[in-house]
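Visitor: My questions all concern the structure below.
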Amino acid sequence: MNANLQKVVIRMSKLAIYVLIACQTISMVTATESTAQRKYLDEIEIVISNASGSRALLSLIKEIEYESHFKFAYTKGELKKKIVDLNGGRWNLRELLTEVSSQAEVSIQRVNESIALVEAGKSSSLPNVAERIVTQVSVSGKVTDENGEPLPGATIQEKGTTNGSITDVEGKFNLRVEEGAILTVSFVGYASQDIQVNGRSVIDITMEPDMSSLEEVVVVGYGLEVDKKDLTGSVAKADLDHALGTSNVSIIQALQGAIPGLNVGAVTNAGQNPTISVRAQNTLSSEASDNAPLIVLDGIIYRGNIIDINPSDIKSVEVLKDVSSAAIYGSQASNGVIVITTKGRSVISKPTFNYTMSHSIQAPSNQFTPMRADEYEGFYRDIFWAEGSRIGPDYLEEDPNYDLTANMKSLEIVNGYMDGLDTRWWDLFTGNGHTTNHNLSVQGGGESSSYFISGGYTDQAAFIEGDTYKRYNLRINLETDITDWMKIGTQTFVSVGDYSGVDPGPDVIFQAQPWAPIYDDQGEIIAQPDGSWINPYLRLNREDVDIDVNLSSVLFTQIKLPINGLTYRLNYANNYRTTDRRFFDPNANNFTGLAYRQDGKQWDWTFDNIVNYSRTFNSVHNVAATLLYGVEERRLDSFRATAQNFENDLLGFNLLEAGDPALNMVRSNFERETSLYQMARVLYNYKHKYYFTGTVRRDGFSGFGEDKKIGVFPSVALGWVLSEESFMKTLSAIDFLKLRASYGQSGRRGVDRYSTQAKVSSGPSYIFGDGGSASIGQSVASIANTSLGWETTTGTNLAIDFGIFGSRVSGSLEYYSNVTNNIIYDIEIPEITGFNSVNTNIAEVSNSGVELMLNGRVLDNGPLKWDISFNFNRLRNKIESIIGADIDEDGIEDDLVSSELFIGEPQNVIYDYEIVGMWQLEDEESGEIWDGFLPGTYKLRDINGDTAISSLDDRKILGYKDPSFRFGIGNTLSYKNFGLYFFINSIQGGKNYYMGNDAPHATSRWSNRDQLSYLNVPSGAWDYWMPENPNAKYRRLDNGGSYGGTPYSQRSFVRLQDVSLSYNLPTSWLEKLRIQSARITVSGKNLLTWTDWIGVDPETGTGFVPGRPLLRSYTMGLDVKF
């Protein structure tokens, strides 16, 4: 391990230990139940200091708090100038407070151990001292499931308070509550219950399974949580029950295929962030970063990597899909929003420790293996069938005198062939990968404080040697009530990601010829066995340090304002990220060496001022409102120094000055941007039957021109619960039926922070005199456009939510339609201006789609249960306008064929020649073959009928790269302590969607005779044309002709993506071990794939090339709470 990294980890570990000790101490103090009998004020005596005369009221309050067990609540601004005149000595507490009330003109109310002081109004009668002692009773009991089995870990909470407890391994609990209290009992997968105490001391509770996902609580942004059944927008909550205990390193990777409209890409590298998109592509760019959703972590926009967030720390993940739901985040929400909430405040409880671990073994789900020497020799002859390895004119017979060595690139290869060498390069640098996770957390809290502290370690090694990743996580979430009207807290984490080390690359080790030797006769590594590529063993010798550090902290204060239901929250967030890159390759630049050091820093800070109001009037009018005023600043700072042609490379990147000074290069960069935003949101419902949500967001961004910096994005949503209407009561099969509709706008910046300004570049430009040095010149590199503004997405979402047959079946069906206009596109301008192009708000695209989500309980027979979920989504994309040009004056906007953008068509088209057959030797003999073609090359359709092929006239849209539809099927079965889960993920292309190129000659390395003469290929090769194989799928090996042609294939697949078998240890075992719960899990990922795609993997789109395979994994996991 790198020395600097060791220091960071040691410091993190020490900090974790200190905080654990501190929180354990706090918990022991705050969780202790007071059994002392409360006394009335006139029964309590107190001694105050002997000072006589005037004294500050605030000073007296502090003295009373010190001398008693009472805590005072007051507004400091009201009392800071008040003076009282009292003698020191022993006082009866009621008499003392009565005197204070009279002199300071305050009303005083005591409730148990709290005393509140409020400035008296003009009409108030003084003195005013009231008190109320709330009697507490002890309640105990047992929580069981529907079969009478105990439920350890169930939460019992006194409603409206943070007072609560968690059941032990036998499902038992004991709690002190107020007389007349209501207990809220909850457990994952079961419907929550509210139970009136009614003077009882023993209450046994039987939980019933939650048959409807509509009872879920979802986070919709800026501190607001609502019941799912109360939503008006399109918000999906992820099921995280099966996310842990698997080989997933990222929480988002665990959601692959599980939520309709959330598209998560597969990963093939260690420590790789998956690509993410929500619904469709709202811009003309197909880059993943331009279509990625906004990430919100613990209420704050998060700019770091998702993979830096420990999955074990996450409490919930919500996806805001429609414009109405995402509108609260305005200018950055056109691609949807993913809201991640980490674990935090809990009910009053003793510390609960949770240890989880998993270990995975990984291997390619579809492994290509290169040819061994014997097979490769036969293939090698086929490469040169037209150059002498076959005897004409039919070329069916091999020429035994043909010398293969004449085509080999180096003497080492020739000698290896003559010696019968068979080097297994692929096997030497590949093997089973692994992923190991360890996580330890502690969670608990007292009456006024709570905490969640965790540490995690991840070690991942992929299939190819040198492709590794390590992650170290530490999180501290704290929250404490300073008074009964004010609380403060933090959500802080640090993550260290170590990507150090480099692999030799799958293409090099796959395509190395089996005749290539590793060592020479002296046992030294041969640097270039074939005379061109570097020996993979030398590639592993490259020095590489690649460490990312991510420190993120949210500090908050929340205040209950004097108006009932009104709160103010201040969030201050910092996210500081650093990158440390150091690299040295002694074999680069013709073995003279190349090294660089690169440091990067990114610092984001955010201030959010949030006012929330929530009240219910007359038990029927439910109102929630939010006001937001915030500011964000981002700073990026980077530095890179590069050196090459080393005279002495012993110190590598630690002595860059040892490189050739004339070739050394230094670059630095600093960027800064600011955003200012305001938002207002109102949610209203009448009797939970009729719903209204209205939002207005106003954004300002420093990157736009002076007149375009501000954007305003409104939205509105309505909901109607038909099942609450009297005319629906006769339909007994329908338990819940709701209609939703929303309309609104969200924005996208579409530019970097300096795109509206002219940019100046500098560099060596002119030499004065013979032998003089080059002077540095400057020139304007890009033209300014201060008119650049926001891209705006206007969207409509229509939906129906339902629950039927006793909520055994529930789900939702949604239709959406979005139009994005003012898309920024780089249009060409006359070169006489001195520039080639300029960014302009000009293009427009539209998207529409359908999403379906179904949940059902198939079987509920005592201890045996079977739940199933199904999700489906289909979307269509269309380019409405690009630059508005109509050069041919036909009244229809022209396509941009060179950019493969077509009006009225989806983006990401496949525009190419259509293959209609294969030219044969007979065609050449008869003279029918066209110019530019050879026997064994593709016969292309002549669209315009001129018996010639032209790229302008004979290409057409053959299909589309995007999927036609996706679906996922999840099954969860449980029997007593056993659980089984399996998930099927599928992406389908329908008629002509989800097309890709899996042709072997798609890569230039296997496209012609010269390349194939020194590169290995997959064992079994492919169905290529030869004189004896005229009906092959793919063209001849050595030459594709002048026009080429590509046989595209659909990437459709069905994959058994996840299988998990779990076992909860019996409570009788756990009692002896003093363990709350323990679960053992065995799982598999990417176990089976059904597809016609012949490439490496259809989901990654990797074709018939030596790419990184998708890994199949087998995992053993453990989850213990104590």
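The values are calculated or read from the model by the stated rules, or taken from the named source; none is laboratory data. Small disclaimer: the values here were computed from a predicted structure and weren't measured. Because the Cβ atoms are built from the backbone with ideal geometry, glycine has one as well, and the counts that use them run over all protein chains shown.
Visitor: Please tell me if Lys1072 is basic (Lys, Arg) and either within 24 Å of the chain's Cα centre (by Cα) or at positive phi (or both).
Guide: Taking the combined requirement at face value, the residue does not satisfy it.
Visitor: Moving to a separate point now. Which ones in the stretch 52-104 are closer than 17 Å to Trp485 by Cβ and not in a loop (DSSP other than H, G, I, E, B)?
Guide: Leu58, Ile61, Glu65, Lys71, Phe72, Ala73, Lys76, Gly77, Glu78, Leu79 - these are the residues of the stretch 52-104 that are closer than 17 Å to Trp485 by Cβ and not in a loop (DSSP other than H, G, I, E, B).
Visitor: Just need a number here: residues in the stretch 40-75 that are out of contact with any Ser or Thr (no Cβ under 6 Å at 6 or more places or on another chain), of a type in the set (Lys, Arg), under 21 Å from Ala130 (Cα atoms) and in contact (Cβ under 8 Å) with a residue 12 or more places away in the chain.
Guide: The total comes to 0.
Visitor: Pick from Ala266, Ala254: which is farther than 16 Å from Val339 by Cα and surrounded by 22 or more Cβ atoms within 10 Å (Cβ to Cβ)?
Guide: Result of the check over Ala266, Ala254: Ala266.
Visitor: Name the single residue that is surrounded by the most Cβ atoms within 10 Å (Cβ to Cβ) among those in the stretch 1002-1037 being within 14 Å of Gly1107 (Cα to Cα) and not hydrophobic (A, V, I, L, M, F, W, C).
Guide: Among those residues, the one meeting the criterion is Asn1016.
The rows are residues; the columns are (1) surrounded by fewer than 18 Cβ atoms within 10 Å (Cβ to Cβ); (2) at pLDDT below 80; (3) farther than 29 Å from Val317 by Cα.
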| position | (1), (2), (3) |
| --- | --- |
| Gly180 | yes, yes, yes |
| Val188 | yes, yes, no |
| Ser201 | yes, no, yes |
| Ile205 | no, no, yes |
| Ser212 | no, yes, no |
| Gly221 | no, yes, no |
| Asp230 | no, no, no |
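Visitor: I want to confirm something. Restricting to the stretch 1038-1052 and keeping residues that are among the polar types (S, T, N, Q) and touching a strand residue (DSSP E or B) at 6+ places or on another chain (Cβ under 7 Å), which single residue is surrounded by the fewest Cβ atoms within 10 Å (Cβ to Cβ)?
Guide: Ranking the candidates gives Thr1046 first.
Visitor: Taking only the stretch 1038-1058 into account, find how many residues are of a type in the set (Val, Ile, Thr) and modelled with pLDDT of 95 or more.
Guide: Within the stretch 1038-1058, residues that are of a type in the set (Val, Ile, Thr) and modelled with pLDDT of 95 or more number 1.
Visitor: OK, next. Looking at the stretch 326-334, is at least one residue outside any loop (DSSP other than H, G, I, E, B), touching a Pro at 6+ places or on another chain (Cβ under 8 Å) and buried (at least 24 other Cβ atoms within 10 Å of the Cβ)?
Guide: Yes, that holds for at least one residue.
Residue-wise test of (1) assigned to a loop (DSSP other than H, G, I, E, B); (2) within 27 Å of the chain's Cα centre (by Cα); (3) within 30 Å of Ala588 (Cα to Cα).
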{"residue": "Tyr629", "(1), (2), (3)": "no, yes, no"}
{"residue": "Arg634", "(1), (2), (3)": "no, yes, no"}
{"residue": "Asp637", "(1), (2), (3)": "no, yes, yes"}
{"residue": "Arg640", "(1), (2), (3)": "no, no, yes"}
{"residue": "Arg697", "(1), (2), (3)": "no, yes, no"}
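Visitor: Going residue by residue through the stretch 776-788, is there one that turns out to be more than 17 Å from Phe704 (Cβ to Cβ), modelled with pLDDT of 90 or more and touching a strand residue (DSSP E or B) at 6+ places or on another chain (Cβ under 9 Å)?
Guide: There is no residue in the stretch 776-788 that is more than 17 Å from Phe704 (Cβ to Cβ), modelled with pLDDT of 90 or more and touching a strand residue (DSSP E or B) at 6+ places or on another chain (Cβ under 9 Å).
Visitor: Restricting attention to strands (runs of 3 or more DSSP E) lying wholly within the stretch 396-507, give those where 2 or more residues are small (Gly, Ala, Ser).
Guide: Correct list: 433-445, 449-461, 486-498.
Visitor: Same structure, new question: Determine whether the stretch 459-468 contains at least one residue that is surrounded by fewer than 23 Cβ atoms within 10 Å (Cβ to Cβ) and either charged (D, E, K, R) or without any contact (Cβ under 8 Å) to a residue 60 or more places away in the chain (or both).
Guide: yes
Visitor: Within the stretch 651-661, track down each residue that is under 15 Å from Glu543 (Cα atoms) and either part of a helix (DSSP H, G or I) or modelled with pLDDT under 90 (or both).
Guide: Within the stretch 651-661, Gly652, Phe653, Asn654, Leu656 meet the criteria.
Visitor: Let me ask another. Out of (1) within 26 Å of Val554 (Cα to Cα); (2) of a type in the set (Val, Ile, Thr); (3) in a loop (DSSP other than H, G, I, E, B), the odd one out for Thr268 is which?
Guide: (1)
Visitor: Further, regarding this structure: Which condition does Val496 not pass, out of (1) under 19 Å from Met408 (Cβ atoms); (2) among the aliphatic types (A, V, I, L, M); (3) modelled with pLDDT of 95 or more, if it passes all the others?
Guide: (1)
Visitor: Need the failing condition index for Thr135 against (1) of a type in the set (Val, Ile, Thr); (2) surrounded by fewer than 17 Cβ atoms within 10 Å (Cβ to Cβ); (3) touching a helix residue (DSSP H, G or I) at 6+ places or on another chain (Cβ under 6 Å), just the number.
Guide: Result: Thr135 passes all but (3).
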